[in-house]
Amino acid sequence: MIMNLDVLCQLLEERLLPLIDRDYVFLDLPYHPNVGDSLIASAAIILLKKAPYRCLYCSSSYTFDKRKISKNTLILFNGGGNFGDLWRDYSIFRNKIISEHPENHFLIFPQSVSYLDKKNLDEDVKIYSLCGKRMTICARDRDSFEVLRKHFVNNNILLVPDMAFYTDRRLLKPKSGEGRVLFLKRRDKEFVSNSKYDIVPDNAEIHDWPTLENKMLRFYGKYLRFIQLSRTIWWYPRTFLHVEDYIWQKLIIPYYLRSGIRFVNKYDIIYTTRLHVAVLAVLLNKQVYFFDNSYHKNSALYNTWLKDFPNVKFME
């Protein structure tokens, strides 16, 4: 099958919508300034609107307020690149929810998988095994799919495109970057030094996501981490959590999504170490040169879904 955006969106609908077979809660929304995760969550919400069931509520891991979840409710977790132990807090949250709701059905939207410590893998396998076939885990690349299929043998494992391909097309209005060149260089633990960066032209502008370079937004991220810590020590009014949910879901995540689109649209040629800069550049029909990250999720996704796109070149 030749991949294009229409095919990827069709696959997302065909493989995910039949699994939304009852009212649901949608957890682990990204309340942090990584535009890529806002892209994923926004696209997931668009897809979920096509399901004939109600969303009872959405929350992040730290605003989840332990409202009662009926055993007949489907529990959805947002997708991304945090399945495993590189970003362990996300797995800890999922494990907690799964352990507290042993009779529910679960669906984890498309994820990249990375384990460095076998103890963490064994812990997750043990917890997920309790769910059996009531747990469906979606991998967003073939490498992750094979890891899940090998170890999480009691669960349903699906190969599904990255959710960000389902971004609302009405927001995607390509503009000329007037010849500008971007080198998107991530600055976290997924970055790896690479001699291949020598191909980046001298006139390239070097940035990370604008939301990660903005000092006020970084400060707000630290504030959120403080709130998350404070909840483990002091009582925190439930109303405050609901207000946080509203602000993030209605204002901040949509703002991050729009700012990411505006940012990528300023350039014609993009060199990137971030997966979702590449995906967004594809959606906006830009020329993309794609580098790998520390655990090869970029190359895995490229080889699974993007090899047929003529405007994407992976730097092997």
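The values are calculated or read from the model by the stated rules, or taken from the named source; none is laboratory data. Note that this is a predicted model, so its numbers are computed, not measured. Cβ sites come from the backbone with ideal geometry, for glycine too, and all protein chains shown count toward neighbours. Note: areas computed on protein heavy atoms with side chains; ligands, DNA, RNA excluded. Shrake-Rupley method; radii C 1.70, N 1.55, O 1.52, S 1.80 Å.
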* Among the aspartates and glutamates, which fall within straight-line cross-link reach of Lys96, defined as a Cα-Cα distance under 18 Å, with same-chain neighbours fewer than 8 residues apart omitted? -> Asp28, Asp65, Asp85, Asp122, Glu123, Asp124
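If the limit is 18 Å between Cα atoms, which of Lys175/Lys286; Lys173/Lys250; Lys118/Lys150 go over it?
Exceeds cut-off: Lys173/Lys250.
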* Could you please report the charge total around Glu123, scoring K, R as +1 and D, E as -1 over all other residues with beta-carbon less than 11 angstrom from its beta-carbon? => 0
* Asked: Residues of the stretch 90-131: accessible area per residue at 1.4 Å, in Å²?
  -> 46 Å²
* Asked: What are the ³J(HN,Hα) values, in whole Hz, obtained from phi via the Karplus relation 6.51 cos²θ - 1.76 cosθ + 1.60 with θ = phi - 60°, for each residue of the stretch 279-287 in sequence order, with x given for Gly and Pro?
  -> 4, 5, 5, 4, 4, 9, 6, 9, 7
* Structure fact -> Ordering 25-33, 154-162 by per-residue average of other C-beta atoms within 10 angstrom, highest first, gives 25-33, 154-162
* Asked: Which value in nm describes the separation of the simple spin-label points at Ile206 and Lys189, placed 7 Å from the Cα toward the beta carbon?
  -> 2.4 nm
* Mean residue ellipticity at 222 nm from the helices of the chain, using -39,500 (n - 2.57) per DSSP H segment of n ≥ 4 over the full residue count, to the nearest 500 deg cm²/dmol? -> -11500 deg cm²/dmol
* Net dipole in debye of the chain [+1 Lys, Arg Cβ; -1 Asp, Glu Cβ; about Cα centre; nearest 20] -> 740 debye
* Asked: Share of the chain's accessible area from carbon and sulfur, percent, 1.4 Å?
  -> 55 percent
* To do: Could you pull out every residue, at least 5 positions away or on a different chain, whose amide H is within less than 5 Å of the one on Val113? Hs are placed 1.01 Å off N in the peptide plane, and Pro or chain starts have none.
  => Ser144
* Asked: Taking H as built 1.01 Å from N, whose amide H comes closer than 5 Å to the amide H of Met135, not counting residues under 5 places away?
  -> Phe106, Asn156
* Estimated FRET transfer efficiency when R0 is 22 angstrom, pair Lys68-Asp89 (beta carbons, to 0.05) -> 0.35
* Under a straight-distance cross-link criterion of Cα-Cα below 12 Å, which aspartates and glutamates are reachable from Lys297, leaving out those fewer than 8 residues away in the same chain? -> Asp141, Asp143, Asp162, Glu190
* Asked: Nearest 20 debye, what's the magnitude of the dipole of the stretch 29-104 about its Cα centre given +1 on Lys and Arg Cβ and -1 on Asp and Glu Cβ?
  -> 340 debye
* With N residues in the chain, what two-decimal value do you get for its Cα radius of gyration over 2.2 N^0.38 Å? -> 0.98
* Pop out the ³J(HN,Hα) list for the stretch 160-169 in order, Karplus 6.51 cos²θ - 1.76 cosθ + 1.60 with θ = phi - 60°, rounded to Hz; leave Gly and Pro as x. => 9, x, 4, 4, 4, 5, 8, 4, 3, 4
* Asked: Pairs Lys119/Lys313; Lys119/Lys215; Lys66/Lys189; Lys66/Lys133: which are spaced more than 27 Å apart, C-alpha to C-alpha?
  -> Lys119/Lys313; Lys119/Lys215; Lys66/Lys189
